[in-house]
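See below for the structure under consideration.
The values are calculated or read from the model by the stated rules, or taken from the named source; none is laboratory data. Just so we're clear, the structure is a prediction, and the values are computed from it rather than from any experiment. Don't worry about glycine lacking a Cβ; one is built from the backbone with ideal geometry, like all the others, and counts go over all protein chains shown.
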Amino acid sequence: MATQIKIKNIPTGYQSIISNGKHSIVGDEPIAAKGTDLGLAPTELVLSGIAMCKVATVRNVARRKGWEIGDVDAELSQVVTRLPGGQLSTRVETILHIEGDITEEQRAKLIKEADNCYVTRMIRGDWDFAHSNESESVQV
């Protein structure tokens with residue numbers, strides 16, 4: 001089944017209620033962008049998805065291989081540069097903290113697998129943005 005997200009934007013700042021039908025979170029923009037800063041900004045949500053996939057991939061690979069690890073934490077940051085012609089280039093830097101009694105070879109394997117997690121592969125792939133023409137009064 002395809003992933004589906006529904007979003008309801010409310011008039012305060014840029015606050016949006018984001019739902020997958022089971023769980024909800026609040027998205028917004030920072031005050032400097034005329035938001036209310038009461039939720040994660042869109043770029044933060046994208047980085048959150050990448051980060052979650054990376055740490056889950058580390059945990060999954062370690063479990064499958066029987067490697068004992070503790071906490072897995074990630075810190076992601078992005079720098080976006082506008083190229084000539086207006087195209088954007090994005091660099092995402094990741095720091096992974098993996099607790100556990102593992103060798104450097106095992107750690108390198110976990111980091112390599114994290115860098116190839118399915119969300120990262122999806123983002124690196126081709127995207128096709130299709131739009132339907134719905135009326136202004138859409139049921140959410």
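Screening Thr81, Thr57 for residues that are among the hydroxyl-bearing types (Ser, Thr, Tyr) and surrounded by 14 or more Cβ atoms within 10 Å (Cβ to Cβ) leaves exactly one candidate, Thr57. Residues in the stretch 60-78 that are loosely packed, with under 12 Cβ neighbours inside 10 Å and part of a loop (DSSP other than H, G, I, E, B): Gly66, Glu68.
Every listed requirement among (1) in contact with a helix residue (DSSP H, G or I) (Cβ under 6 Å, 6 or more places away or on another chain); (2) more than 25 Å from Ile123 (Cα to Cα) is met by Gly13 save one, (1).
Candidates in the stretch 8-29 are the residues that are of a type in the set (A, V, I, L, M, F, W, C) and closer than 13 Å to Glu44 by Cβ; of these, the one that is surrounded by the most Cβ atoms within 10 Å (Cβ to Cβ) is Ile18.
Using the structure shown, decide if Glu75 is over 23 Å from Gln4 (Cα atoms) and touching a helix residue (DSSP H, G or I) at 6+ places or on another chain (Cβ under 6 Å). So that I can check it myself, show each step before the final result.
Values: over 23 Å from Gln4 (Cα atoms): yes; touching a helix residue (DSSP H, G or I) at 6+ places or on another chain (Cβ under 6 Å): no.
No.
Residues that are within 25 Å of Thr90 (Cβ to Cβ) and in contact with a Ser or Thr (Cβ under 8 Å, 6 or more places away or on another chain) were ranked within the stretch 30-44; the one that is surrounded by the most Cβ atoms within 10 Å (Cβ to Cβ) is Gly39. Count of the stretch 9-54 residues, restricted to those that are in contact with a Lys or Arg (Cβ under 7 Å, 6 or more places away or on another chain) and basic (Lys, Arg), is 0. If you filter the stretch 88-113 down to residues that are over 16 Å from Ala56 (Cα atoms), of a type in the set (Val, Ile, Thr) and over 18 Å from the mean Cα position of the chain (by Cα), you find that the one that is surrounded by the fewest Cβ atoms within 10 Å (Cβ to Cβ) is Thr103. With the structure loaded, tell me whether Ala51 is in contact (Cβ under 8 Å) with a residue 60 or more places away in the chain, assigned by TED's automatic domain parsing to the domain that holds Gln106 and out of contact with any helix residue (DSSP H, G or I) (no Cβ under 7 Å at 6 or more places or on another chain) or whether it fails that test. No: the conditions fail for Ala51. Taking the criterion of being assigned to a loop (DSSP other than H, G, I, E, B) and over 17 Å from the mean Cα position of the chain (by Cα), the residues of the stretch 17-48 that qualify are Gly21, Lys22, Pro30, Lys34, Gly35, Thr36, Asp37, Leu38.
Quick one: count up the residues across the stretch 79-129 that are part of a helix (DSSP H, G or I), in contact (Cβ under 8 Å) with a residue 12 or more places away in the chain and farther than 14 Å from Val55 by Cβ. Walk me through it before giving the result.
Of the residues in the stretch 79-129, the ones part of a helix (DSSP H, G or I) are 104-114, 118-124.
Narrowing further to those that are in contact (Cβ under 8 Å) with a residue 12 or more places away in the chain: 106, 109-111, 113-114, 118-120, 123.
If we keep only those that are farther than 14 Å from Val55 by Cβ as well, we get 106, 109, 123.
So the count comes out to 3.
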